[in-house]
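Below you'll find the structure, written out as C-alpha cells, and then a few comments.
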Amino acid sequence: MTTGIWILGDQLYLTQAALQSCHDSSKVAIIFIESYSHIKKHQYHKQKLVLVWSAMRHFAEELRKLGYSVTYKIAEDFQTPLQQWVNVNQITELLVMSPNDKPFLKTIEDLTLACDITLLPNNQFLWSTEEFDNWAKKRKRLLMEDFYREGRRRFDILMEADKPIGGKWNLDAYNRKPPARNLNTPEPLWFEPDEITQEVIQQVDFLDIATYGEIKEFRWGVTRSQALSVLRYFIDIRLPEFGPYQDAMVTGEETMWHAMLSPYLNLGLLQPLEIIQAAEQAYHEKQLALNSVEGFIRQVLGWREYMHGIYHHVDTDYSQQNWFEHHKPLPEFYWTGETKMNCLHQILTQVMDTGYAHHIQRLMVLNNFGLIAGISPQELENWFHTAFIDAYDWVMQTNVIGMGQYADGGLLASKPYAASANYINKMSDYCKSCDYKHSQRIGAKACPFNFLYWDFLNRHRDKLKHQGRMNFILKNLDKISPEDLETIHQQAENIF
Ligand code: FAD
Ligand code: SF4
C-alpha cells in the first residue's frame with residue numbers, strides 16, 4: 001500500500017497539510033505536474049508561469065534532498081500523468097491539500113483514478129473556511145474592520161491586554177500622504193535567475209500558447225530562502241517608512257516602500273503568521289512607527305484573510321455578479337499599454353514588464369477606470385487574472401468583482417472605489433506629463449477620468465443614493481447643469 005501526494009503549484013511548503021500528514025518520507029510518493037491545458041484558461045503573464053514552475057521545480061528538488069521519492073511531469077492535462085504514476089507506484093490513496101481556488105476543486109473532482117482521493121483541509125491561511133463562516137454567521141454586515149479586530153485579538157498581535165497598542169485599532173489616516181519631491185525610495189531586492197529558472201524561461205519563451213507580458217528580465221525569487229530574504233529586506237529597509245506614502249504613485253517608482261511579498265505568500269513560500277510576527281517584533285525591538293507596522297499588519301492579518309474568507313463564504317455565482325450592469329468590452333489598451341492617458345500608460349507598461357503594480361495603482365487607476373467607464377466586471381477580472389504575478393481565483397474574485405467593481409452590490413465594500421482625476425493628480429505625478437488636463441471636465445483636452453466619473457455617478461444616481469457614504473458626492477453632481485451633464489454623457493459614450 002503506497003500513499004501518494006499531489007502537490008499543487010501554490011502549495012509549496014513543508015508544513016502543508018498533505019505533507020504534514022505523512023511522517024515517514026520513505027513511504028510516500030510525491031508528484032508535481034505542469035499542465036499545458038491548465039494554463040490555457042487565462043492568457044497568463046510569462047513571468048507568472050516562470051515564477052510558479054520554477055518555484056515548483058525548486059521545491060521538488062528540496063523534497064528529493066529530504067529523501068522523498070518525487071516525480072515531476074510536464075504534460076497536457078493532469079489526468080494522464082496522474083493515472084500513469086498511480087499505476088506505476090501502485091498508489092492506493094492520493095492525498096491532496098484542498099486547493100484555494102474553487103475551479104481547481106472541480107478539476108480534482110472530475111479526475112477518474114484507480115485509487116481513492118482524499119482532500120485534506122487547507123492550512124495556508126490563518127482562518128480556515130469554517131472559522132471564517134462561524135465569524136460571519138453572527139453578523140449582519142461583514143465589515144473588514146470588525147474581522148481585523150477579531151484577528152488582532154485572536155492571534156494577540158499589537159495588543160496590550162485586550163486593547164490595541166497605542167489606543168487605536170487603525171492608523172490609516174496617517175498613511176495617505178501625497179508623494180513628496182525627491183523621495184528616497186529603496187531599491188527592491190531582486191535575484192539573478194539560476195540554471196533551473198533559466199531553463200523555465202526558455203520553455204516559456206518557446207511556448208505555443210497565448211501568454212501576456214515580457215520576460216526580458218525575470219528577477220523574482222523562486223525559493224523559500226529567497227522569499228525569506230525579501231521578507232528580511234522588507235522588515236529592515238522598507239517597513240520603517242512603509243506607512244506614510246502607501247497610497248502614493250510616482251513615475252518610474254514601481255514598488256516604493258511596498259513589501260512585494262504577495263507572490264511568495266500566495267505560493268506558500270512564506271506563511272502569513274511569520275510575516276505578521278516579524279513586523280510586530282521589529283516594532284518592539286526597533287521602535288518603528290506604529291502607523292507603518294499597523295498599516296502593514298492590517299493588510300495581511302485583515303485584508304488578505306478577509307478576502308480569502310469571503311471568497312469561500314459566498315456562492316459560486318459571485319464571480320458572475322454585475323450590480324451596475326456594466327457590459328462594455330475591455331479596451332484594447334489594457335493589453336498593449338498604448339493610450340494617451342499617462343497614468344494608465346505608465347502602470348500598464350510596468351505590469352507588462354514585471355507582473356506587479358502596488359495596491360493603489362491596481363485599485364484607483366486600473367480598476368477605477370474600468371468601473372467608471374462601465375467595463376464588464378468579468379472582462380476586467382479576466383484581465384487582472386492574466387496580468388498579475390500574484391493572481392489566483394481566490395484573490396481575484398473578491399478584489400476585482402467585490403472591492404474594485406462593486407459588482408456584488410456592496411457585500412464587501414462600503415462604497416464604490418470611483419474617483420476623478422482629482423484623486424490621481426493628488427496622489428501621483430502622472431498628470432504633470434499627460435496630454436489631458438486633470439482640471440478639465442469637458443472638451444477635447446478634458447481628462448477622461450473626469451467625464452467618465454461624473455457620467456458614472458449620473459447614470460447610477462438611483463442606485464447610489466441608497467449608499468449613505470455617496471450622498472455628499474451626489475450633492476456635487478446636483479450642481480452640474482443638465483446641459484453639461486448631457487455633454488459629459490456624450491464624451492463618455494464616444495471615448496472608445
Ligand atoms: P503591500 O501593500 O506592500 O503588502 C501588503 C500585503 O498584504 C500583500 O503582500 C498582500 O499579501 C496582502 N494584501 C493586502 N491587501 C490585500 C487584498 N486586498 N487581498 C489580498 N491580499 C492583500 N493581491 C494578490 O495577492 N493577488 C492579486 O492578484 C491581487 N489583485 C488585486 C486586484 C485589485 C483590483 C486590487 C484592488 C487588489 C489586488 N490585490 C491582489 C491586493 C493587493 O493590491 C496586493 O496584494 C498587493 O498590491 C501586493 O503587493 P505587495 O506585496 O507589495 O503589497
Ligand atoms: Fe490620468 Fe487624467 Fe491625470 Fe492624464 S490627466 S494622468 S489621464 S488622471
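Any chance you could run the full-extension gain for K73 through K426? It's 0.36 nm times the residue separation minus the Cα-Cα distance, nm to one decimal. Before the final figure, lay out each step's value.
Values: separation 353, 0.36 × 353 = 127.08 nm, distance 5.05 nm.
Result: 122.0 nm gained on full extension.
What nm distance separates the two modelled labels at K168 and E131, each placed 7 Å from Cα along Cα→Cβ?
2.8
Total Lys pairs in segment 383-486 closer than 26 Å by alpha-carbon, pairs eight or more apart in sequence or interchain only?
Going through segment 383-486 pair by pair, I get 19.
Return the distance in nm (one decimal) between the two label points of a simple spin-label model at Q198 and L474, each offset 7 Å from Cα along Cα→Cβ.
That separation, rounded to one decimal, is 6.2 nm.
Return the FRET efficiency for the residue pair E93, L228: r is the Cβ-Cβ distance, R0 is 45 Å, and the value is rounded to the nearest 0.05. List each step's numbers first, then the result.
Numbers: r = 33 Å, r/R0 = 0.74.
Rounded to the nearest 0.05, the efficiency is 0.85.
Work out how much length K106 to R153 would gain on full extension: take 0.36 nm times their residue separation and subtract the Cα-Cα distance, in nm to one decimal. Intermediate values should be presented prior to the final figure.
Numbers: separation 47, 0.36 × 47 = 16.92 nm, distance 3.53 nm.
Value of the extension gain: 13.4 nm.
Size of the dipole of the chain about the Cα centre, Lys and Arg at +1 and Asp and Glu at -1 on the beta carbon, nothing else charged, in debye to 20? Can you show the working numbers first?
Working: 49 positive and 61 negative charges, 337 e Å.
Dipole of the chain, to the nearest 20 debye: 1620 debye.
Which FRET efficiency value, to the nearest 0.05, is calculated for A180 and S433 with the Förster distance at 25 angstrom and r the Cβ-Cβ distance?
On the way: r = 18 Å, r/R0 = 0.72.
Between A180 and S433 the formula returns 0.90.
For the pair S21 and K41, what calculated FRET efficiency results from E = 1/(1 + (r/R0)^6), where r is the Cβ-Cβ distance and R0 = 30 Å, to the nearest 0.05?
Numbers: r = 29 Å, r/R0 = 0.97.
With a Förster radius of 30 Å, E is 0.55.
Between E483 and Q84, what length comes free when the chain is fully extended (0.36 nm per residue of separation minus the Cα-Cα distance, one decimal in nm)?
Working: separation 399, 0.36 × 399 = 143.64 nm, distance 6.98 nm.
In short, 136.7 nm is gained.
Within 10 Å of each residue's Cβ, count the other Cβ atoms and sort S128, S54 from fewest upward.
Arranged by neighbour count, lowest to highest, S128, S54 become S128, S54.
Can you give me the angle between helix 448-459 and the longest principal axis of the chain, using Cα atoms only, in degrees from 0 to 90, rounded to the nearest 10?
Approximately 90 degrees, to the nearest ten.
For segment 15-23, take each phi angle, set θ = phi - 60°, evaluate the Karplus expression 6.51 cos²θ - 1.76 cosθ + 1.60, and give the result in whole Hz per residue in order, putting x for glycine and proline.
Here the 3J(HN,Hα) series is 9, 5, 4, 5, 5, 5, 6, 10, 8 Hz.
How far apart, in nm, are the 7 Å Cα→Cβ label points at K65 and K138?
That separation, rounded to one decimal, is 4.5 nm.
Find the centroid of the Cα atoms in segment 1-38 and in segment 230-283, then give the distance between the two in whole Å.
Their Cα centres are 29 Å away from one another.
Any read-out appearing in this document is the output of simple, stated calculations on the displayed coordinates, not a laboratory observation. This is a predicted model, so every value here is computed, not measured. Cβ sites come from the backbone with ideal geometry, for glycine too, and all protein chains shown count toward neighbours.
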